[in-house]
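Q: Following this message is one structure expressed as structure tokens.
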Amino acid sequence: MSSDFIYGQDLASVYEKLTRMAGKAAEADDTAAFLERYSSGRSALELGIGNGRVAVPLSERGVKVEGIDNSDSMLKLLANRNNRIKAWKGDIADFSSEQRYDLVYCVYGTLTLLFRREEQIACLRSAAGALHEQGALVIELRVPALDGFVSRQRTSTTLVDHENTFIKAEVHEPLQQNLMSTLLWFSGTSVRRYPQRIRYVYHQELDTMAEHVGLELAERWGDWARGAFTDMSKRHVSVYRRASL
Ligand SMILES: C[S@@+](CC[C@H](N)C(=O)[O-])C[C@H]1O[C@@H](n2cnc3c(N)ncnc32)[C@H](O)[C@@H]1O
């Protein structure tokens, strides 16, 4: 993947603020409670572990969590927070693991940060290979929200307060299912830019990609509290297991 989109020091330094704004910090415990059920209290591997938002509360529940991330800055945040979780630098689109885990998980839309279809499939294949026979792969993805684009462009204001204005500018590239965005953060006299490219995926395509690597859908929920996935859902939590022969 392009190094342009690796989370750098700048983004890592505001990651906690951004996850709080998105409500993702507040739901970390619910996420960990959900995941604990699938790890049987034993071993888990997080793909794109970041600052340990989920890995830390999951390990506090007694699960031995390990993780992969391609950002030194994010790995440093994790290490500063917790030195018991083993995490290493690697690309989730291209990894192999000798160890087998009860649970492999990839949350917060991280799979879509792999912005080519082949990379997403490669990631799922490696994840499947890292599972114990009875293990589970859990993926959290947003339902693609493509409303509001005009001439393939969309701009939205994500936060305004006395000190900060966050504006997101996006361009849609439908042939690649890519959204190229830049988050612009104005504060005081400074403007910071955080570019990102994602490849959005509908749940049915995710199922097809998973089937392609020998997995099958076991459960699908609309949130971490196991609410129903409906046509109003903004995201899904999908649980895959090895396909029965
Ligand atoms: C949206 S953040 C999620 C972090 C964490 N999983 C959480 O839920 O808070 C995405 C994370 O994936 C990492 N990441 C993105 N692309 C990656 C890749 N190709 N290989 C490994 N890590 C990647 C980023 O550095 C970042 O830490």
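Q: Considering only segment 172-192, how many residues are part of a helix (DSSP H, G or I) and surrounded by 13 or more Cβ atoms within 10 Å (Cβ to Cβ)? Quick ask: steps written out before the conclusion?
A: Going residue by residue through segment 172-192, those that are part of a helix (DSSP H, G or I) are 174-176.
Subsequent filtering for residues that are surrounded by 13 or more Cβ atoms within 10 Å (Cβ to Cβ) retains 176.
Residues in segment 172-192 being part of a helix (DSSP H, G or I) and surrounded by 13 or more Cβ atoms within 10 Å (Cβ to Cβ): 1 in total.
Q: Here is a follow-up. Taking the options 238, 233, name whichever one is small (Gly, Ala, Ser), in contact (Cβ under 8 Å) with a residue 40 or more places away in the chain, in contact with a helix residue (DSSP H, G or I) (Cβ under 8 Å, 6 or more places away or on another chain) and surrounded by 12 or more Cβ atoms within 10 Å (Cβ to Cβ). Full working, then the answer.
A: Numbers: 233 fails: in contact with a helix residue (DSSP H, G or I) (Cβ under 8 Å, 6 or more places away or on another chain).
When all the criteria are applied, what remains is 238.
Q: Continuing with this model, one more query. If residue 215 passes every condition in (1) outside the structural domain of residue 121 (by TED's automatic domain parsing); (2) farther than 26 Å from residue 26 by Cα; (3) buried (at least 18 other Cβ atoms within 10 Å of the Cβ) but one, which one does it miss?
A: (1)
Q: Among the residues of segment 43-52, is any over 18 Å from residue 113 (Cα atoms), more than 14 Å from the chain's Cα centre (by Cα) and within 11 Å of the ligand (Cβ to nearest atom)?
A: No, segment 43-52 contains no residue that is over 18 Å from residue 113 (Cα atoms), more than 14 Å from the chain's Cα centre (by Cα) and within 11 Å of the ligand (Cβ to nearest atom).
Q: Out of the residues in segment 67-124 that are of a type in the set (Val, Ile, Thr) and under 17 Å from the mean Cα position of the chain (by Cα), which is farthest from residue 235 (Cα to Cα)?
A: Of all residues in segment 67-124, those of a type in the set (Val, Ile, Thr) come to 68, 85, 92, 104, 107, 110, 112, 121.
With under 17 Å from the mean Cα position of the chain (by Cα) added as a condition, the list becomes 68, 92, 104, 107, 110, 112, 121.
On the way: 68: 23, 92: 21, 104: 19, 107: 11, 110: 13, 112: 13, 121: 20 Å.
Only one residue fits best here, namely 68.
Q: While we're looking at this one, here's another question. Which of (1) within 14 Å of the ligand (Cβ to nearest atom); (2) on the phi < 0 side of the Ramachandran plot; (3) in contact (Cβ under 8 Å) with a residue 24 or more places away in the chain; (4) not in a strand (DSSP E or B) is the odd one out, the single condition residue 141 does not satisfy?
A: (4)
Q: Checking the conditions here, which among 192, 199 is touching a strand residue (DSSP E or B) at 6+ places or on another chain (Cβ under 6 Å) and at pLDDT below 95?
A: Working: 199 fails: at pLDDT below 95.
Going through 192, 199 in turn, the sole match is 192.
Q: Within segment 53-74, count every residue that is over 19 Å from residue 111 (Cβ atoms) and either part of a helix (DSSP H, G or I) or within 13 Å of the ligand (Cβ to nearest atom) (or both).
A: Quick first cut of segment 53-74, residues over 19 Å from residue 111 (Cβ atoms) only: 56-57, 59-64, 72-73.
Then drop every residue that is not either part of a helix (DSSP H, G or I) or within 13 Å of the ligand (Cβ to nearest atom) (or both), which leaves 56-57, 59-60, 72-73.
Of the residues in that region, 6 qualify.
Q: With the requirement that a residue be more than 13 Å from the ligand (Cβ to nearest atom) and either in contact with a strand residue (DSSP E or B) (Cβ under 7 Å, 6 or more places away or on another chain) or in contact (Cβ under 8 Å) with a residue 12 or more places away in the chain (or both), what does segment 83-111 give you? I'd like the intermediate steps shown before the answer.
A: Residues of segment 83-111 more than 13 Å from the ligand (Cβ to nearest atom): 83-84, 86, 96-103.
Residues satisfying the conditions are 84, 86, 96, 97, 99, 100, 101, 102, 103.
Q: Looking at segment 75-119, which of its residues are at pLDDT below 95 and in a strand (DSSP E or B)?
A: 94, the sole residue that qualifies.
Q: Turning to a different aspect of this structure: Applying the selection to segment 10-24, what residues are in a helix (DSSP H, G or I) and more than 14 Å from residue 70 (Cβ to Cβ)? Even if it seems obvious, please write down each step before you answer.
A: Residues of segment 10-24 that are in a helix (DSSP H, G or I), as a first pass: 10-21.
Residues satisfying the conditions are 10, 13, 14, 15, 16, 17, 18, 19, 20, 21.
Q: Which of the residues that make up segment 112-148 are closer than 19 Å to residue 194 by Cβ and either touching a Pro at 6+ places or on another chain (Cβ under 8 Å) or surrounded by 18 or more Cβ atoms within 10 Å (Cβ to Cβ) (or both)?
A: Within segment 112-148, 112, 113, 114, 115 qualify.
Q: Do we have residue 151 as without any contact (Cβ under 8 Å) to a residue 40 or more places away in the chain and exposed (fewer than 14 other Cβ atoms within 10 Å of the Cβ) here? Spell out the reasoning first.
A: Values: without any contact (Cβ under 8 Å) to a residue 40 or more places away in the chain: yes; exposed (fewer than 14 other Cβ atoms within 10 Å of the Cβ): yes.
Considered against the rule, which asks whether it is without any contact (Cβ under 8 Å) to a residue 40 or more places away in the chain and exposed (fewer than 14 other Cβ atoms within 10 Å of the Cβ), residue 151 comes out as yes.
Q: Tally time: how many residues in segment 31-42 are within 12 Å of the ligand (Cβ to nearest atom) and touching a residue at least 60 places away in the same chain (Cβ under 8 Å)?
A: Step one: list which residues in segment 31-42 are within 12 Å of the ligand (Cβ to nearest atom), which gives 31-32, 35.
When the remaining residues are screened for being touching a residue at least 60 places away in the same chain (Cβ under 8 Å), the result is 31, 35.
Summing the residues that are within 12 Å of the ligand (Cβ to nearest atom) and touching a residue at least 60 places away in the same chain (Cβ under 8 Å) in segment 31-42 gives 2.
Q: Let me ask another. In segment 2-42, which residue that is within 16 Å of the chain's Cα centre (by Cα), over 21 Å from residue 168 (Cβ atoms) and not acidic (Asp, Glu) is surrounded by the fewest Cβ atoms within 10 Å (Cβ to Cβ)?
A: Here the residue is 28.
The values are calculated or read from the model by the stated rules, or taken from the named source; none is laboratory data. None of these values were measured; they are calculated from a predicted model. Quick reminder, even Gly has a Cβ in these numbers, built from the backbone with ideal geometry, and neighbours come from all protein chains shown.
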